[in-house]
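Heads up: the structure comes next, in structure tokens.
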């Protein structure tokens, strides 16, 4: 039973089976995100009015968050770079940075949500200026609230699962499971993390900037 | 990860319940699928009872004592739940596990010469997620307001709290389908990658048996379209639970609001490929079994594959034909009509390939063959009546009538049921090491074939006469009163149809315990799954086979003393 399963390497080069699986998953997840984002854009086009970009949402704060996520993608690459050179300490350091980036991203998003849900006079004025009722910004605040919360929550759940995923990878790294010729799982996790990052740039553009 | 880890402990838990062996998982899907098939079928009988004997107490043999409501009658609410859950269960929890779950798992690695799926643990997780989704679905029955009742399409705003259906039934429905989608996605990743990566040496794409082709194309459709419905379901779920307004409009929505039609688009972008997801494995299995039981190469096997692939592409751009009556632009309607009718070209081509496979073959009318030939018949009727539904002018009259119900039961229920029975009868010896009782199988086949046609053909007739598909009490309308006798006839035939399925269940279980022990290759088939002794060990092949032939070398004149040859055996004299 120890015999390895022979693989057909003809069509996708030397990519491992696990990596192909992750790519396929990314295609599927991308289609889910695509449907939510395109659906939101469609609803926006047919909506009678739509708040001006930045009138309710805190763009500078989220721009910082975006920067943070891009940095965490960079540290992910550095983690991979370390293990290629068999640098175990570097791997652990950069993986920890990557996870920290994801956690801080989630923290800032949670702070933003709580700020919207608690509401207040200032937020009420902003909402009134955009033609939306109430002094809180909730999922029930018109189609604008629906699109904002659905898109960012779905992405947030991905960051959360990415953080959990990378934590498992980190615990494997602490047990020195990776070497310079055996880091496939790390690469696969990296693919997922970069995908989340890429989707966020799209979400940030569509939800916050335009 | 390339080697399969054999756990040294041989507990029941690891070998039968949380097994990563694709054959065990396939059987688990099979049992679960049969359970839900009977469950959904039973609901169908209750629906038929109400249509034939409206507002009469349900008799004990239809478990009338469980049906709540006044004096054991089916109330309108219960009736709505019945047809909703019947459709949902049959499509997502009966057909999907029976064909894609059970035979996808069982056949793909065996037929392409792999030791297991590419991701065995993911495979196990897929089954248990699927199981969980079934639990969530059925647990809705314990809610005070009952299960979902918004139709299997669950169109908003009806399916939203603001739209009128009380309670959490719809939310349970949405959640369970989402979980089912997750399980399907895990399976689809596995199937697609397994076929790409784990084919045995020499097993080129065109040497794969046609049933693997069908299952593979199905999985590709799943990969592309299940994520789309997942997004739609997430939006629907938060509409139901958090009060977002994606699918609410008009006075139901506060401040702006979304668009109910968006859900219909998302639903059918997935929903139309879904019918091909369900039927493609059957096409593949039929194409292959016809070749085995005609002892002839499958006529135009490559063309069949190309046609099936063409349909995969076309099926993704025809969803609008479900929405002719939603007020869509007539120009768009015409476009969708044209694209839909285009599908009949590749369908007809492989249909004639099936007939040509039979032509001058030496036909063996074993139970699998009977079921396979039944698919040809019911698929012909289902396909031809589809043309009426695809044509805008005819569809505006036929939309949402029993004609549509009859049509899609011919294509989806009858074709898939016979395809599933053909597959079970054919691969039963490989799954359980014994043969199904041929006499009982034949009685079951003829009983099913005759009654299923009488049920669904007459449904189309009542629909053409104007009976709407979701009426609680058709007799309320004067113009439908002359149909009462016909509805009673359909119902009686449906009861017989149900009774014959009990016979199948008896045969299925009895043969598993006491059936005739099967030889290794009882049908003299060429494909790889028949090459090893029963029981097939975890890991399937002791050495990975080297494939030298296509799967259809039946009656090759260069083979001496036999009309078949295994895919691994070189034929002397063949180039």
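Taken along the Cα-to-beta-carbon direction at a fixed 7 Å, the label points for residue B:332 and residue B:546 span 5.8 nm. Between residue B:439 and residue A:202, the FRET efficiency from the beta-carbon distance, with R0 = 56 Å, is close to 0.35.
Note on the range B:17-37 and the range B:409-475: Cα centroid distance 22 Å, given to the nearest whole angstrom.
With n ≥ 4 as the cut-off for DSSP H runs, can you work out [θ] at 222 nm for the protein assembly as shown, using -39500 (n - 2.57) per run divided by the number of residues, rounded to the nearest 500?
Working: 22 runs with 474 residues, N = 785.
For the protein assembly as shown, the value works out to -21000 deg cm²/dmol.
Taking Cα atoms, how many degrees apart are the long axis of helix B:438-464 and the longest axis of chain B, rounded to 10 and kept between 0 and 90? The helix B:438-464 is inclined about 30 degrees to chain B. Residue-normalised convex hull volume from the C-alpha trace of the range B:20-530: 144 Å³ per residue. Computed from Cα positions, the angle between helix B:330-342 and the longest principal axis of chain B comes to roughly 20 degrees. For the segment B:193-204, counting C-beta atoms of other chains within 10 Å of every residue's C-beta and taking the mean gives 4. Between helix B:415-432 and chain B there is an angle of about 40 degrees, using the helix long axis and the longest principal axis of the Cα atoms. Distance between the C-alpha centres of the range B:101-129 and the range A:18-75: 34 Å, rounded to the whole angstrom. The calculated FRET efficiency for residue B:479 paired with residue A:209, based on their beta-carbon distance and R0 = 41 Å, is about 0.10.
Remind me, relative contact order of the range B:20-530 in percent, using alpha carbon pairs under 8 angstrom and six or more residues apart?
Details: 801 pairs, mean separation 75.0, N = 511.
Normalised by residue count, the contact order of the range B:20-530 is 15 percent.
Counting, for every residue in A:143-154, the Cβ atoms of other protein chains within 10 Å of its Cβ and taking the mean gives 5.
What separates the Cα centres of the range B:516-575 and the range B:325-402 is a distance of 34 Å.
What fraction of the Cα pairs in the protein assembly as shown, stated in percent, has a spacing above 36 angstrom? Across the protein assembly as shown, Cα pairs with separations above 36 Å total 49 percent.
For the pair residue B:143 and residue A:85, label points projected 7 Å from Cα toward Cβ lie 5.7 nm apart. Remark: the residue B:569-residue B:132 segment gains 152.9 nm on full extension, using 0.36 nm per residue and subtracting the alpha carbon distance. Once the C-beta distance of residue B:558 and residue A:157 is scaled by a Förster radius of 60 Å, the resulting FRET efficiency is 0.50 to the nearest 0.05.
Highest-first packing order for the peptide set B:329-335, A:126-132, B:218-224 is B:218-224, A:126-132, B:329-335, based on the mean count of other beta carbon atoms within 10 Å.
Peptide B:240-252 shows a mean partner chain C-beta count of 4 within 10 Å per residue C-beta.
Each reported figure results from applying straightforward, stated rules to the coordinates on display, with no laboratory input. Being a predicted model, the structure only gives us computed values, none of them experimental. Cβ: placed from backbone, ideal geometry, glycine included. Neighbour counts: every protein chain shown.
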